[in-house]
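Q: Take this structure first; my questions come after.
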Amino acid sequence: AKMAAPTMAERKACWAARDELWQCLDGHGDQPAGCEQLRRLFEERCPQQWVKYFDKRRDFLKYKKKLETEGYHPSEAAGKS
């Protein structure tokens with residue numbers, strides 16, 4: 001089956017679901033407990049590729065924020081590969 005691009009309404013529904021999920025995760029210290037319903041909604045409203053992308057994007061943004069607030073500590077990163 002050929003994948004059709006999401007309509008504007010579908011994109012908006014996906015982004016809204018993502019924003020609600022991220023807000024919930026922020027409020028729960030990134031513990032998924034308590035956000036399961038929003039997670040299901042996010043996965044229902046967004047194409048699977050988008051879900052994967054947004055999950056990676058959130059991890060990256062949190063990592064970037066951590067670097068900006070705490071700085072880079074190469075001694076901790078050394079030897080972890």
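The values are calculated or read from the model by the stated rules, or taken from the named source; none is laboratory data. Please read these numbers as outputs of a predicted model, since none were measured by experiment. Positions of Cβ are generated from backbone atoms using ideal geometry, with glycine treated the same way; all protein chains shown enter the neighbour counts. We work out accessible area using only protein heavy atoms, side chains counted, and drop any ligands, DNA or RNA first. Shrake-Rupley method; radii C 1.70, N 1.55, O 1.52, S 1.80 Å.
Q: Which condition from (1) of a type outside the set (D, E, K, R); (2) surrounded by 11 or more Cβ atoms within 10 Å (Cβ to Cβ); (3) at pLDDT below 95 is the one that SER81 breaks?
A: Condition (2) is where SER81 drops out.
Q: For region 21-35, how many residues are farther than 16 Å from ASP59 by Cβ and open to solvent by 90 Å² or more (accessible area, probe 1.4 Å)?
A: So the answer is 1.
Q: Still on this structure: Considering only residues that are assigned to a helix (DSSP H, G or I) and touching a residue at least 24 places away in the same chain (Cβ under 8 Å), look in region 20-30 and name the one that is farthest from LYS52 (Cα to Cα).
A: Going through region 20-30, the residues assigned to a helix (DSSP H, G or I) turn out to be 20-27.
Subsequent filtering for residues that are touching a residue at least 24 places away in the same chain (Cβ under 8 Å) retains 22, 25.
Numbers: TRP22: 14, LEU25: 16 Å.
By that ranking, first place goes to LEU25.
Q: Sort through ALA33, ALA17 and tell me the only one that's assigned to a loop (DSSP other than H, G, I, E, B) and either of a type in the set (A, V, I, L, M, F, W, C) or at pLDDT 95 or above (or both). Even if it seems obvious, please write down each step before you answer.
A: Values: ALA17 fails: assigned to a loop (DSSP other than H, G, I, E, B).
One residue alone meets the criteria, ALA33.
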